[in-house]
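The values are calculated or read from the model by the stated rules, or taken from the named source; none is laboratory data. Because the structure is predicted, anything quoted here is derived from the model rather than measured. Quick reminder, even Gly has a Cβ in these numbers, built from the backbone with ideal geometry, and neighbours come from all protein chains shown.
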Amino acid sequence: MSHDVGSCAPWGPAPRINDGGESADRRAAHRAVAWSAGGLCLAGAVELVVAALGHSAGLLGDAFHNLADVGTSGIVFVGLRVSRRPATASHPYGWDRAEDLSGLGVALLIWASAALALVVSVRKLLDGATASHLGVGVAAAALAVIANLLVARYKLRVGRRIRSAALVADARHSWIDAASSAGALLGLAGVAAGLWWADGVAGLLITGIVAHVAYDVSRDVIVRLVDAVAPETLEAATAAASAVAGVGHVHAKGRWTGRALIVEVEGYVAPETSVEACERIGDEVRKAVAEAVPETRVVTFSARSLSRED
C-alpha cells in the first residue's frame, strides 16, 4: 500500500508535559545527594582513620568505597545541575542527557574503587599482617553499615519517584556499600577469632561486591545512553494514540534523555482531514499518550494521510 504525506503539518511538537513538578523534583534530588554525601563522608572518614590505625585491609577498602560514594554523589549533583539548563538553538532537546552521563561517571568511579580495594586486599594477604584495634574497627564498620542503609533507602525512594536513572544507580551503589561494610565487620570478627587471613579475604569479598554493582550500574546507564525503551512503554503509547478518533496505523518510538521520555507518534488520517482537524487530533494524541505513559515529558505527533488511490 502506498502512502504519501498529506496536508497535515508533519511534526507537531507539544509543550513539555508534567513540568509543574519539575522544579520540586530537582530540589528533592539535590537534597538527597547533599544529605547522602554528608553522611557517607562522615562514615568513610571514621573508617579511614580507624583502618590506618589498625591496618585493616577490609576496613580500608570499605573506607575507599564509602568515600568514593561521596565522589559519585558529587558527580550526580553536577549532572542534575547541568540538566537544568534550558534548551537552546544548539541543544534543542535541552541538557537532560547530562544526567545519563553523570550515571556513567558514577560507574567509572565504582570500578576505580573496586580496583583499589583489590590491590589493598592482595597486599594484605601476601604480607600476612594481622589487623589490630579490632573493637574500634568493628564499631566503625557497624557505623558504615547503618549510614549506607539509610542513605540507600533515601536516594532510592527519591530517584524512583522522580525517575532519575543516575540517582537510582547511586542508591544501588549505597545498598551494596552496606554489604561491603558488613563484610569488613565480619573480617575483623574473624581476626578476633584467630583467623589472621579473614581481614584480607573480607577485602577480596568487598572487591567482588563492588565489581558486581559496577557492572550492573554500567549496564543500566549504557542502556539509557543507547536510547533503549521498554517495549511495553511504546505499546502503551501506540494503544493510547490508536484510540483517538480519526487516527489509524499508529507507530510510536521513543528515547530517554535523563529523566525525560520523548515519544514520537506517527499516525495516518483521512486525506480530506484539514489542518485544523489535524491539530485537534494531535492535541488529543498527546493528551492520551501522556495519560497512558505518565513518565512522558514530550510527545510529538506526525500526521500522514492515505493517498487517494488507496
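Of all the residues that make up the stretch 78-91, how many are within 30 Å of V145 (Cβ to Cβ) and crowded, with 21+ Cβ neighbours inside 10 Å?
Filtering the stretch 78-91 for residues within 30 Å of V145 (Cβ to Cβ) gives 78-80.
Filter once more, keeping what is crowded, with 21+ Cβ neighbours inside 10 Å: 79-80.
Here the count works out to 2.
So that you can scan it fast, the table gives a plain yes or no per residue for (1) modelled with pLDDT of 75 or more; (2) closer than 26 Å to E295 by Cβ:
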| residue | (1), (2) |
| --- | --- |
| C8 | no, no |
| A37 | yes, no |
| D62 | no, no |
| S83 | yes, yes |
| P86 | yes, yes |
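Of the residues S181, S174, S218, which is in a helix (DSSP H, G or I), in contact with a Lys or Arg (Cβ under 7 Å, 6 or more places away or on another chain) and under 28 Å from R31 (Cα atoms)?
Unique residue meeting the criteria: S174.
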Residues that are more than 25 Å from G159 (Cα to Cα), part of a helix (DSSP H, G or I) and among the small types (G, A, S), drawn from the stretch 235-286: A239, A240, A241, S242, A277, G282
Considering (1) under 30 Å from R161 (Cβ atoms); (2) more than 17 Å from the chain's Cα centre (by Cα); (3) in contact (Cβ under 8 Å) with a residue 60 or more places away in the chain, say which one E235 fails and leave the rest. (3)
Is at least one residue of the stretch 242-249 surrounded by fewer than 15 Cβ atoms within 10 Å (Cβ to Cβ) and under 22 Å from the mean Cα position of the chain (by Cα)? no
Out of R85, R97, sole residue that is closer than 26 Å to Y215 by Cα, assigned by TED's automatic domain parsing to the domain that holds G38 and of a type in the set (K, R): R97
